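First the structure, in the form of structure tokens, and then the observations on it.
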Amino acid sequence: KVTATIKDKIPQFTEFVSADNGGTFKDGTVTWVKEVEKDKSLTVTFKVRVKKDVNGEVLKNKAKVNDGKNDYDTNEVTNPTPTKPKKEVFKSGTQTNIDGKRVEAGEELTYSITYKNSTGEKVTATIKDKIPQFTEFVSADNGGSFKDGTITWVKEVEKDKSLTVTFKVRVKKDVNGEVLKNKAKVNDGKNEYDTNEVTNPTPTKPKKEVFKSGTTTNIDGKRVEAGEELTYSITYKNTTGEKVTAKITDKIPEYTEFVSADNGGVNNNGTITWTKEVEKDKSLTVTFKVRVKKDVNGEVLKNKAKVNDGKNEYDTNEVTNPTPT
């Protein structure tokens, strides 16, 4: 008769559930201490749950048994887990994943979905991908069909083989600081998966506002009076991901006279220029003042600015102010 001590470290990527036969669980290991009569057998069991976030890892498990005479290792059992499909995004024609990087208005992007068949048999995989908001569909490879904003592929995949499908979209011209997001769904008849989500911010268009000098209420569209002093502001947000030198130019409205500019703005023949360094993710606001000419008569004052940050050239929105007739 012997006293057998059995120790089993539960597999990585699992969570302990229970053990029979008085097994105790501590620090990831289950231990049983049992008397076993000569020529008799003892079987002990324990249960674990495979973690929800496994992704292609292999679960491995073996136990140690000491019966006072010998120390044994059991054989090792192994179980692979499914590999989650992978989503990537590229500037069309390139091979570098730009997940998290800024993309520009009008730019063409390629999204890819890679599915690996780890079921152990041939499957028919259905892949569905809703194109990102703020984009327009261009094309899909591998027989993907586009309907109501979603692309669908249905493909046979041999066991242990991978399938990659791609589609192209164009970023809409009027994006303004929105974040493009995309993930796909894959169903292989055994499991339904969501891929990881890729995200790409877009540039924020600079903003133009107009105030009665000394106030902070935007009066775009409102009437202004002859002789009145107006303040125009331009706000630029740096969404390039790095420090830039921004050049802002603004031609003062017709029917006004230049008064002053802040932040080192230089007036040359009615056009004001600012050249300023802007740290990444920071905003810069510059302002200038004009006086409405005394002899205005029903004209509309119009103003917009240009901003060039070395990556893009932008026009701000245009503000307008009618004058009395």
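The values are calculated or read from the model by the stated rules, or taken from the named source; none is laboratory data. None of the values given here were measured: they were computed from a predicted structure. Positions of Cβ are backbone-derived with ideal geometry, glycine not excepted, and every protein chain shown enters the neighbour counts. To get the accessible areas, we keep the full protein, side chains included, count just its heavy atoms, and leave off ligands, DNA and RNA. Shrake-Rupley method; radii C 1.70, N 1.55, O 1.52, S 1.80 Å.
For this structure, a couple of remarks:
- Rg then Dmax, both in Å and based on the Cα atoms of the chain: 33.3, 116.
- Proportion of all alpha-carbon pairs of the range 46-133 beyond 22 Å (%): 56
- Counting only protein heavy atoms and a 1.4 Å probe, the chain has 58 square angstrom of accessible area per residue.
- Note on the range 1-75: Cα convex hull, mean projected area over all directions, 5.4 nm².
- For the range 92-173, the fraction of alpha-carbon pairs in successive 5 Å shells from zero, as %: 3, 14, 23, 21, 17, 12, 7, 3, 1, 0
- Equivalent ellipsoid, the range 278-319 (semi-axes from 5 times Cα gyration tensor eigenvalues, Å): 30, 13, 7
- Here the Karplus curve 6.51 cos²θ - 1.76 cosθ + 1.60, taken at θ = phi - 60°, turns the phi angles of the range 281-286 into couplings of 6, 9, 10, 10, 10, 10 Hz, with x standing for Gly and Pro.
- Within the accessible surface of the chain, defined with a 1.4 Å probe on protein heavy atoms only, the carbon and sulfur portion equals 44 percent.
- Derived scalar couplings between HN and Hα for the range 14-31 equal 10, 10, 5, 10, 6, 9, 8, 6, x, x, 10, 10, 8, 6, x, 10, 9, 10 Hz in order, rounded to whole Hz, by the Karplus curve 6.51 cos²θ - 1.76 cosθ + 1.60 (θ = phi - 60°), x for Gly and Pro.
- Exposure ranking of 2, 179, 266 by accessible area [1.4 Å probe, largest first]: 266, 179, 2
- Set the Cα radius of gyration of the range 152-204 against 2.2 N^0.38 Å, with N its number of residues, and you get 1.54.
- Solvent exposure, largest accessible area first (probe 1.4 Å, DNA, RNA and ligands not counted), of 172, 130, 207: 130, 207, 172
- Value of Rg/Rh across the range 169-246 [Cα atoms, Kirkwood radius]: 1.28
- Largest-first principal axis extents, alpha carbons of the range 217-260, Å: 44, 21, 15
- Within the range 169-325, the proportion of Cα pairs with more than 24 Å between them is 45 percent.
- Mean projected area (nm²) of the alpha-carbon convex hull when the range 108-148 is viewed from all directions: 3.8
- For the chain, the relative contact order comes to 12 percent (Cα pairs under 8 Å, sequence separation of at least 6).
- In terms of Cα atoms, the Rg and Dmax of the range 239-325 work out to 14.8, 49 Å.
- Around residue 322: net Lys/Arg minus Asp/Glu count, Cβ-Cβ under 12 Å: 0
- Computed from phi, the 3J(HN,Hα) profile of the range 110-121 under the Karplus parametrisation 6.51, -1.76, 1.60 (θ = phi - 60°) reads 10, 10, 10, 10, 10, 10, 10, 7, 10, 7, x, 8 Hz, with x in place of Gly and Pro.
- Ordered by 1.4 Å accessible area with all protein chains kept, 217, 5 run largest first as 217, 5.
- Using the Cβ-Cβ distance between residue 152 and residue 300 with R0 set to 56 Å, the FRET efficiency works out to roughly 0.65.
- Residue 81 - accessible surface, heavy atoms, 1.4 Å probe, Å² rounded to 10: 10
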